[in-house]
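The values are calculated or read from the model by the stated rules, or taken from the named source; none is laboratory data. Model, not experiment: these values are computed from the prediction. Here the Cβ positions follow ideal geometry from the backbone for every residue, glycine too, while neighbour counts run over all protein chains shown. What goes into the accessible areas is simple: the full protein's heavy atoms, side chains included, and nothing from ligands, DNA or RNA. Shrake-Rupley method; radii C 1.70, N 1.55, O 1.52, S 1.80 Å.
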Amino acid sequence: MQSINTKSIIFYNGSTKRSSCGYCKKENSSFSNGMWASSLSVVAYQDMIDRGWRRAGKYCYKALMEKTCCPLYTIRCEALNVELSKSQKKIIKRVTTFLKNGECEKNPVNTEQAEREPIMKYKLEDIQNHDDKMKITNTDYLFDEEQSASVIGSHNSTLITTNKEDNKMVEPLNLSCNSDTKKEPKKFKPGEGADPNLPSSKKKKLLRIQKKLAKDPNFVTTISAPYQKCLEEFIAENDSVSTGGLQKLRVSLVKTGTEAFAQTFTAGATLFAKYQIAVHNDKADECNMEQYLSFLVDSPLKEEKSKHPDHPGYGSFHQQYWLGDKLIAVGVIDILPKCVSSVYLFYDPDYHNLVLGTYSSLREICLVRQLYKMSPDLKYYYMGFYIHSCSKMRYKAKFRPSYLLCPLKYTWHAIDKCIQKLDNEKYSIFDVSGDIQDADIFTIDNIPVLYRGSLMHYSAFKIIGNNENEDERIKEYKILIGPKLARKLIYCIMD
């Protein structure tokens, strides 16, 4: 059996009680299974999200699809073959226009933000109690003394106090697209319509071809398809305009837990609080620095380096969007062996009309395409969950080509076909084949467990420990994670 340091350690909670839903806002209607992760390898977490799991901080959860009010379907986009929609192109151009002259594009665009999953909220006392039991050692975050007067070293060390002068927000720029002036609709004179006796109008190009064919019946037309710019070319326009434009946009990828991240911690925590209060109506104590640290900074993923010198490595990152020296958006992401997984996004509400939700998703897809050149297995963009019953989450289907994970067989299926089923039934099985999943002779007796600091198989624990209530729990655990993960994860048992 491998040593404890080389494995992923989890504490399985079992089925949770009913809770309020962050999507439909109904009380006592959301059901899920959950487990706390002390540490996870990026390979193990990749396998987990491919079985419908997802993390919020160090807490990992999986919806009880048959019971929950809003079924959560894991969705991923095939980043290498992404097809930009007209509205997505307009959003990139809107940012380009803003960087060029400080104004938003006048052409109308859907400014509905790309909402990511709501933060799974738990009482800090629960997190502290769990960490005490698991004896989880959190990373010590070092901060510049000029930026922060105190440091949070772990969940058990309390409040960060910050310098009030450093927390003053830069005055937001006046975006012309925020104007409240309304344009009067155009008035058209009533008439009888087009004259049916006149020939139908044709494009000049088609008329020229017809004239040539009239002169020479053997004339062969060669009409080439219009050139389609790729995502990188649109993003490159952003970057080129930024260097010489009125506004300077800088996008930086920062690994959490590093000294570089510590220097921007206060700016990120301040922006997070501003976003949560303005957009999600949170109270100040629901989005303070402790909450920010617990849910968006702390991560169970163990950092792994890549063999490629330019690869940022694997683990948890913040992709920061700076306008000059002002932080205007942060995309919290995990870089895994096969994908970039979006965890959360928060942005400055003053820049709502830049549609930073969709824009950041496109930048993250671009990141996948860059990493693919250094790591050929990394070619997907995981957008969290697709919730067909929640209109705010349907925007994810606009990223093409995308696929949903079957909640029973854990196979991937084109979203168009899935939507046809979801229109009729909110919980649906996409894979109707007769293939048997997880056919494995691996029994619960072979599951590695951690008990009183010793690593052993569950069969050994049954001899020395009290397994009266543990058998049913570990059987449920094995079904949820599957035999493959049951070999990789260490199941922690408390007295």
Requested in this report: Sort Trp36, Trp53, Trp412 from largest to smallest accessible area, using a 1.4 Å probe on the heavy atoms of the protein chains.
Outcome: Trp412, Trp36, Trp53
Report task. Using only protein heavy atoms and a 1.4 Å probe, report how much of Arg208 is accessible, in Å² to the nearest 10. Result -> 130 Å²
Query raised in the report: ³J(HN,Hα) across region 204-216 via Karplus (A = 6.51, B = -1.76, C = 1.60, θ = phi - 60°), whole Hz, x for Gly/Pro?
Result: 4, 5, 5, 5, 5, 5, 5, 5, 5, 5, 5, 7, 9
Query - Amide H within-cut-off set for Thr256, under 5 Å, with H built and near neighbours excluded - result: Ser316, Phe317, His318
Query raised in the report: Which whole-number value in Å² is the accessible area per residue of region 378-495, probe 1.4 Å?
Result: 51 Å²
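Under the 0.36 nm per residue contour assumption, what length would be gained going from the current alpha-carbon distance of Thr16 and Gln263 to full extension?
Values: separation 247, 0.36 × 247 = 88.92 nm, distance 3.73 nm.
Gain on stretching Thr16 to Gln263: 85.2 nm.
How would His413, His388 line up by accessible area, probe 1.4 Å, largest first?
His413, His388
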Query raised in the report: Per-residue HN-Hα couplings for region 447-456, Karplus 6.51 cos²θ - 1.76 cosθ + 1.60 at θ = phi - 60°, whole Hz, x for Gly and Pro?
Result: 5, x, 10, 10, 9, 6, x, 10, 9, 8
Report task. Can you grab the distance from the C-alpha centre of region 46-91 to the C-alpha centre of region 282-328, Å, no decimals? Result -> 19 Å
Query raised in the report: Using 1/(1 + (r/R0)^6) with R0 = 25 angstrom and r between the beta carbons of Asp416 and Leu253, what's the FRET efficiency to the nearest 0.05?
Result: 0.20
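Averaging the inverse of every distinct alpha carbon separation and then flipping it gives the Kirkwood radius. What is it for region 377-495, in angstrom units? Mind dumping the intermediate values first?
Working: mean 1/r = 0.0579 Å⁻¹.
With all distinct Cα pairs of region 377-495 included, I get 17.3 Å.
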Query raised in the report: Sequence-distant or interchain residues sharing an amide H contact under 5 Å with Thr68, placed H: which?
Result: Phe31
Query raised in the report: What nm value, rounded to one decimal, do you get for the distance between Asp216 and Arg487 when each label is placed 7 Å out toward the C-beta?
Result: 6.9 nm
Query raised in the report: Counting only residues 5 or more places away or on other chains, whose amide H sits under 5 Å from the amide H of Ser39 once H atoms are built in the peptide plane?
Result: Ile9
**Report entry** Value of relative contact order over region 337-495, rounded to a whole percent, pairs C-alpha under 8 Å and six or more apart
**Finding:** 15 percent
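Considering only protein heavy atoms, with the full assembly of protein chains and a 1.4 angstrom probe, order His457, His311 by accessible area, largest first. Please list the in-between numbers first.
On the way: His457 80, His311 20 Å².
Accessible-area ranking of His457, His311, largest first: His457, His311.
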Query raised in the report: Which ³J(HN,Hα) values in Hz, rounded to whole numbers, follow from the phi angles of region 268-278 under the Karplus curve 6.51 cos²θ - 1.76 cosθ + 1.60, where θ = phi - 60° and Gly and Pro get x?
Result: x, 5, 5, 5, 4, 5, 4, 5, 5, 5, 6
Query raised in the report: If each of Glu303 and Ile464 carries a label point 7 Å out from its Cα toward its Cβ, how far apart are those two points in nm?
Result: 3.5 nm
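Take the Cα pairs of region 426-487, get the Kirkwood Rh, then feed it into Stokes-Einstein at 4 °C and 1.567 mPa s and tell me D in µm²/s. Please report the intermediate quantities before stating the final value.
On the way: Rh = 13.5 Å.
Using the Kirkwood radius from Cα pairs, D works out to 96 µm²/s.
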Requested in this report: Quantify, in whole percent, the carbon and sulfur part of the accessible surface of region 264-341 (1.4 Å probe; protein heavy atoms only).
Outcome: 50 percent
Query raised in the report: Over region 356-458, what percent of the accessible surface lies on carbon and sulfur atoms, probe 1.4 Å?
Result: 49 percent
